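Visitor: Right, I'll just put the structure down here and ask away after.
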Amino acid sequence: MLPIFAFLLSKCVICCCYSKKSCIFAAVKDKDMMQTDTTLDQLLQSVEQNGVCVEKERHVFLVSGVDVVFPHVVLLLCLRGTARVMFDMQELSIEKNDFGILMPGHVFRHIACSENYAYARVVISAEMVSELKTHAFSHDSDKFHYTPLCHLTDVQAKRVMALLELLEAIASHDLNDLQLRRQMLLSQLAVGYEFINYYRREQDRLWAENQSVKLYTQFCDLVVEHYKENRNVNYYAGLMDYDPRYFSKVFRQYSNGLSPLGWIQQYVATQAKLIMDTHPNQTVKETAYQLGFPTTANFCRYFKHATGIYPQEYKKRRG
């Protein structure tokens, strides 16, 4: 499943600028589109207090059928059943013992799951991620961006689950010394990173040989970091030192035919919807400015090209 503890050590830790709760619900406004999560407030409170929140078994995602952008790092371990999700415009299948990560600023969409689907979830704050860099023993974390999924054996999954249970025990323990608890959590997260780093070694060797995957992943990370400043494909090809034509050709090999420009447009449109849904009183002009567009007209044309409707119409439909 997703690339996990490694991301905690990577340089790409990007936090959304909206409130934590609105970020988690992303572009969701219709109540019938949102599955109730009765532990959401506790989850956010635990992340704020401890930097980590562990839930050993869940059966539904926060939202289904819409794009979401998380403000924290979210780790998932599939316990049973199957699911289909979209991660950065790529459809992925999840099965038992898949282990993965949702990175801040990246796009996730839950599509469907089997009736018996269950997963464990760990939410880690960006601040904890930053501190974790000094606790990890391995530093080749960029490889975890090459693929969002890692499949574990039964024995490996059992060991990871035991680690999650230990994290939960530490996070929920009534320690008076909060700094001690934080250091204990960091130490266990570092151990978890080493576990995953070891379990993925053969998969990483194979994926490292796939240039199109590395190019696609690097491109996604760069767009997440720079989309407000530049939405030109040539700009990103230049950052990666590729000829634009060759870059587009290789990119399509892994994106199921979606062009780099199409990926950028979909990502920017998702961010625009997120802003309009979580800030309904904000004007289209303010949204355009927040996304880095030079004029409102420029943003409206861009949004129309990406979604088929103008932002004013989108806001009206969302009520």
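Visitor: On the given criteria, is Asp243 charged (D, E, K, R) and in the same structural domain as Ser125 (by TED's automatic domain parsing)?
Guide: No; evaluated as a whole, the condition is false for this residue.
Visitor: For Leu166, state whether it is modelled with pLDDT of 85 or more, crowded, with 18+ Cβ neighbours inside 10 Å and more than 21 Å from Asp88 (Cβ to Cβ).
Guide: The answer is no for Leu166.
Visitor: Could I ask something else about it? From the residues in the range 301-319 that are of a type in the set (A, V, I, L, M, F, W, C) and within 15 Å of Tyr267 (Cα to Cα), which one is modelled with the lowest pLDDT?
Guide: Checking each candidate, the answer is Ala306.
Visitor: Give the number of residues within the range 98-120 that are surrounded by 20 or more Cβ atoms within 10 Å (Cβ to Cβ) and modelled with pLDDT of 90 or more.
Guide: Within the range 98-120, residues that are surrounded by 20 or more Cβ atoms within 10 Å (Cβ to Cβ) and modelled with pLDDT of 90 or more number 6.
Visitor: Could you tell me how many of the residues in the range 209-263 are exposed (fewer than 14 other Cβ atoms within 10 Å of the Cβ), closer than 25 Å to Leu102 by Cβ and basic (Lys, Arg)?
Guide: Adding up the residues that qualify gives 1.
Visitor: Consider the range 173-190. How many of its residues are in contact with a helix residue (DSSP H, G or I) (Cβ under 8 Å, 6 or more places away or on another chain), in a helix (DSSP H, G or I) and surrounded by fewer than 16 Cβ atoms within 10 Å (Cβ to Cβ)?
Guide: Looking only at that region, the number is 1.
Visitor: Starting from residues that are in a loop (DSSP other than H, G, I, E, B) and touching an Asp or Glu at 6+ places or on another chain (Cβ under 7 Å), keep the ones in the range 63-116 and report whichever is nearest to Met128 (Cα to Cα).
Guide: This residue is His106.
Visitor: Now for a different question. If you take the residues in the range 117-136 that are out of contact with any His (no Cβ under 8 Å at 6 or more places or on another chain) and in a loop (DSSP other than H, G, I, E, B), which one is nearest to Tyr227 (Cα to Cα)?
Guide: Top of the filtered list is Lys133.
Visitor: For the range 258-276, indicate whether the set of residues that are out of contact with any helix residue (DSSP H, G or I) (no Cβ under 8 Å at 6 or more places or on another chain) and over 24 Å from Met89 (Cα atoms) is non-empty.
Guide: No - not one qualifying residue is present in the range 258-276.
Visitor: Separate question: Given (1) free of Cβ contacts under 8 Å to residues at least 24 places away in the same chain; (2) touching a strand residue (DSSP E or B) at 6+ places or on another chain (Cβ under 7 Å); (3) of a type outside the set (S, T, N, Q), identify the lone condition not met by Leu206.
Guide: (2)
This table checks each residue for (1) in a loop (DSSP other than H, G, I, E, B); (2) within 26 Å of Phe70 (Cα to Cα).
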position	(1), (2)
Gly238	no, no
Tyr242	yes, no
Lys249	no, no
Gly262	no, yes
Gln266	no, yes
Asp277	no, yes
Phe293	yes, yes
Ala297	no, no
His305	no, yes
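The values are calculated or read from the model by the stated rules, or taken from the named source; none is laboratory data. Given the structure is predicted, the values throughout are model-derived calculations rather than measurements. Every residue, glycine as well, gets a Cβ built from its backbone with ideal geometry; the counts of neighbours run over all protein chains shown.
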